[in-house]
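Report on the following structure.
The values are calculated or read from the model by the stated rules, or taken from the named source; none is laboratory data. Model, not experiment: these values are computed from the prediction. A quick note on method: Cβ atoms are made from the backbone with ideal geometry, for glycine too, and the neighbour counts reach across all protein chains shown.
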Amino acid sequence: MFKKIRRFSSKVTKQDSDTEDFYHEPGTLPGTIIIDADASPSVIKLIDYDQTNAIHKQLATPEECAVYLDTESVSWVDVSGLGSEDILQRLRTVFDLHPLVLEDIVNVPERPKVEDYEDQLVIIARMVLPKAKSNGFYSEQVSLVLGKHYLLTVQEEPERDCFEPVRARIFKNKGIIRKQGADYLAYTLLDAIIDGYFPVLEDYGEHIEDLEEEVIVRPTHRTLLKIYQVRRELLQLRRAIWPQRNAIHSLIQDGNELISDEVRIYLRDCYDHAVQVMDMVETYRELASGLMDVYLSAVSNRMNEIMKLLTVISSIFIPLTFIAGIYGMNFNTEKSPYNMPELNWYWGYPMCLALMAVIAGGLLFFFWRRGWLGNTSSLDD
């Protein structure tokens, strides 16, 4: 049987986390699949198109796909949800999938990769989408099975994906997508998946800028938690895009007959986008790590400002306390003319207060001329 290790962050839910890992116990039967109890029911949708026509419909049974697999038109079978084991097993029969392919598709998350199964090419990818009302992102596995005239895609969740622009291009007959084969369709979906990382990273760029200002102006313990959260989520993005970049590179280099030379040229552009995403992720990770040093410096500077203020106050009151201490001593002026004769002066008390004020003012002026009263850690500086 399978066991699953789950580690969650506070921003990424179970469906969003790409830090879950499956591992086999010794003796596990290869091809065993595990259906999560909370997985969405499987829904099958078909888009079949050629240069002149395009149809879109929802299929009631997996067997309805069979008539479209050997036609000259391109058939895109999109399965959303991994909660129906019966449907998934029947799809395996219809598409003649290897048991290990179904295992990779169902037992998510799987490391992004490319597998060659003679007349089929299996591509495992990870799709991310930004959350609309909060920081963080949704993440799910997308599995692509490429045949000669068909493409089977399997998604974890039916509610969201980044393929709507591709569907619009098919039905509106924009570009060359309806003049190309199933390999070009696979490229467009991979390109949409890679491009989906850019809005997520744009949100993280803005979030890091806000954190930089917060770290400098008003660092708190909550700021530290935010920095840790950003670093953890960027690590999840790195774990998703790094093997995905290598998988796209292998599609370009392996020379599989299911991918034409023309499509390989397009895949090179997709690979460049993946490299760009990887560079952005690494840059933001370095910025997030640098924020930790800035936070520690800001907290240290804030403590120094507090200690400086306390030191200035203490320095002013030390001589005043000295004067008050002297005149607090009980000397009898009748015994000696040197026992504080000023205690009997008519203006003795006002003179003492005036002396204290002059000393305090003089110290403040001295500190000001030395620049010790300025705020050396302001945002403008």
Considering only region 125-151, state which residues are of a type in the set (A, V, I, L, M, F, W, C), more than 22 Å from Leu102 (Cβ to Cβ) and in contact (Cβ under 8 Å) with a residue 24 or more places away in the chain.
Val128, Leu129, Phe137
Of all strands (runs of 3 or more DSSP E) completely enclosed by region 1-110, which ones contain at least 2 residues that are surrounded by 15 or more Cβ atoms within 10 Å (Cβ to Cβ) and at pLDDT 65 or above?
43-49, 54-59, 74-80
Qualifying residues in region 213-272 (those that are among the hydrophobic types (A, V, I, L, M, F, W, C) and surrounded by fewer than 13 Cβ atoms within 10 Å (Cβ to Cβ)) - the one nearest to Tyr150 (Cα to Cα):
Ile265
Being assigned to a helix (DSSP H, G or I) and among the acidic types (Asp, Glu) is the filter; apply it to region 153-202 and report the residue that is farthest from the chain's Cα centre (by Cα).
Asp183
Of the residues in region 175-231, how many are more than 30 Å from Ser260 (Cβ to Cβ) and aliphatic (A, V, I, L, M)?
11
Mind checking which pairs have a first residue in region 152-169 that is free of Cβ contacts under 8 Å to residues at least 24 places away in the same chain and outside the structural domain of Val43 (by TED's automatic domain parsing) and a second that is among the small types (Gly, Ala, Ser) and not in a loop (DSSP other than H, G, I, E, B), Cβ under 8 Å, 6 or more apart or different chains?
none
Among (1) farther than 25 Å from Lys133 by Cβ; (2) of a type outside the set (Lys, Arg); (3) at pLDDT 90 or above, the one test that Phe198 misses:
(1)
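Rundown of residues vs (1) closer than 24 Å to Leu287 by Cα; (2) touching a His at 6+ places or on another chain (Cβ under 7 Å); (3) of a type in the set (Phe, Trp, Tyr), yes/no style:
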site: Ala125; (1), (2), (3): no, no, no
site: Asn135; (1), (2), (3): yes, yes, no
site: Glu140; (1), (2), (3): no, no, no
site: Leu151; (1), (2), (3): no, no, no
site: Asp183; (1), (2), (3): no, no, no
site: Ala192; (1), (2), (3): no, no, no
site: Tyr197; (1), (2), (3): yes, no, yes
Can you tell me which residues in region 147-169 are of a type in the set (A, V, I, L, M) and surrounded by 22 or more Cβ atoms within 10 Å (Cβ to Cβ)?
Leu151, Leu152, Val154
Output yes when any residue across region 288-308 is assigned by TED's automatic domain parsing to the domain that holds Ile252, surrounded by 14 or more Cβ atoms within 10 Å (Cβ to Cβ) and at pLDDT 90 or above, and no when none is.
no
Which numbered condition Ile323 misses (of (1) farther than 30 Å from Arg178 by Cβ; (2) surrounded by 14 or more Cβ atoms within 10 Å (Cβ to Cβ); (3) at pLDDT 80 or above):
(3)
Does any residue of region 269-285 turn out to be small (Gly, Ala, Ser), under 30 Å from Arg222 (Cα atoms), at pLDDT 80 or above and in the same structural domain as Gly181 (by TED's automatic domain parsing)?
no
